[in-house]
1. When the residues of the range 37-51 are filtered to those that are surrounded by fewer than 14 Cβ atoms within 10 Å (Cβ to Cβ) and β-branched (Val, Ile, Thr), which remaining residue is modelled with the highest pLDDT?
2. Can you name the number of the only condition in (1) surrounded by 12 or more Cβ atoms within 10 Å (Cβ to Cβ); (2) modelled with pLDDT of 95 or more that Asp67 fails?
3. Name every residue in the range 31-64 that is hydrophobic (A, V, I, L, M, F, W, C) and at positive phi, in order of residue number.
4. Quick one: in the range 9-36, of everything that is over 21 Å from Asp48 (Cβ atoms) and charged (D, E, K, R), which residue is modelled with the highest pLDDT?
5. Would you confirm whether any residue within the range 6-26 is hydrophobic (A, V, I, L, M, F, W, C), loosely packed, with under 10 Cβ neighbours inside 10 Å and under 21 Å from the mean Cα position of the chain (by Cα)?
6. Which residues, counting only those in the range 48-66, are basic (Lys, Arg) and under 9 Å from the mean Cα position of the chain (by Cα)?
7. I'm trying to understand the selection: among the residues of the range 73-98, which are charged (D, E, K, R), under 26 Å from the mean Cα position of the chain (by Cα) and surrounded by 10 or more Cβ atoms within 10 Å (Cβ to Cβ)?
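The values are calculated or read from the model by the stated rules, or taken from the named source; none is laboratory data. Not measured: the values here are computed from a predicted model. A quick note on method: Cβ atoms are made from the backbone with ideal geometry, for glycine too, and the neighbour counts reach across all protein chains shown.
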Amino acid sequence: MSAMRFMSIRELQKSGGEMKEALANDDKIVITTAGKPTALMIRVGETDFEETLTLLNQVKLAKSIRDMQRTAVRNGLENMTMEEIDAEIAQYRKEKREKETQGAEQ
């Protein structure tokens, strides 16, 4: 497993050069605000930038799906049928259109 460095947002603002060196040495930097992680910087190169970005987007999507599944379980909705899901979506879209129409009329 590669090394990881923690750096506060203040440190980052003060020392841009150190950040570049830290990425070269540590591969990853966790940016913190008030001691809590808020961002992750990773080293990428010209040849792997697009692939890295694609992989990060896939991880973000997987996390979103997992969060939605957990919310569904927490709200007792994990056993909805596709028909029920489609009906919910249709209802939401209908209400959204109605709101947009009302807003345009005013």
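1. Taking the range 37-51 and keeping what is surrounded by fewer than 14 Cβ atoms within 10 Å (Cβ to Cβ), we get 37-40, 42, 45-51.
With the extra rule that they be β-branched (Val, Ile, Thr), the set shrinks to 38, 42, 47.
Numbers: Thr38: 95, Ile42: 89, Thr47: 91.
The qualifying residue modelled with the highest pLDDT is Thr38.
2. Evaluating Asp67 over (1) surrounded by 12 or more Cβ atoms within 10 Å (Cβ to Cβ); (2) modelled with pLDDT of 95 or more leaves (1) as the failure.
3. Of all residues in the range 31-64, those hydrophobic (A, V, I, L, M, F, W, C) come to 31, 34, 39-42, 44, 49, 53, 55-56, 59, 61-62.
Ala34 - this is the single residue of the range 31-64 that is hydrophobic (A, V, I, L, M, F, W, C) and at positive phi.
4. At the first step, the residues of the range 9-36 found to be over 21 Å from Asp48 (Cβ atoms) are 9-18, 31-36.
From what is left, the residues that are charged (D, E, K, R) are 10-11, 14, 18, 36.
On the way: Arg10: 87, Glu11: 86, Lys14: 83, Glu18: 76, Lys36: 95.
Residue satisfying both the conditions and the ranking: Lys36.
5. Of all residues in the range 6-26, those hydrophobic (A, V, I, L, M, F, W, C) come to 6-7, 9, 12, 19, 22-24.
Cutting the leftovers down to loosely packed, with under 10 Cβ neighbours inside 10 Å gives us 24.
Filter once more, keeping what is under 21 Å from the mean Cα position of the chain (by Cα): none.
Within the range 6-26, not a single residue is hydrophobic (A, V, I, L, M, F, W, C), loosely packed, with under 10 Cβ neighbours inside 10 Å and under 21 Å from the mean Cα position of the chain (by Cα).
6. The first filter runs over the range 48-66 and keeps only residues basic (Lys, Arg), leaving 60, 63, 66.
The answer is Lys60, Lys63.
7. Glu78, Asp86, Glu88, Arg93, Lys96
For (1) without any contact (Cβ under 8 Å) to a residue 24 or more places away in the chain; (2) assigned to a helix (DSSP H, G or I); (3) out of contact with any Gly (no Cβ under 9 Å at 6 or more places or on another chain), each residue gets a yes or a no:
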position: Gln13; (1), (2), (3): yes, yes, yes
position: Glu21; (1), (2), (3): yes, yes, yes
position: Ala24; (1), (2), (3): yes, yes, yes
position: Val30; (1), (2), (3): no, no, yes
position: Thr47; (1), (2), (3): yes, no, yes
position: Glu51; (1), (2), (3): yes, yes, yes
position: Gln58; (1), (2), (3): yes, yes, yes
position: Lys63; (1), (2), (3): yes, yes, yes
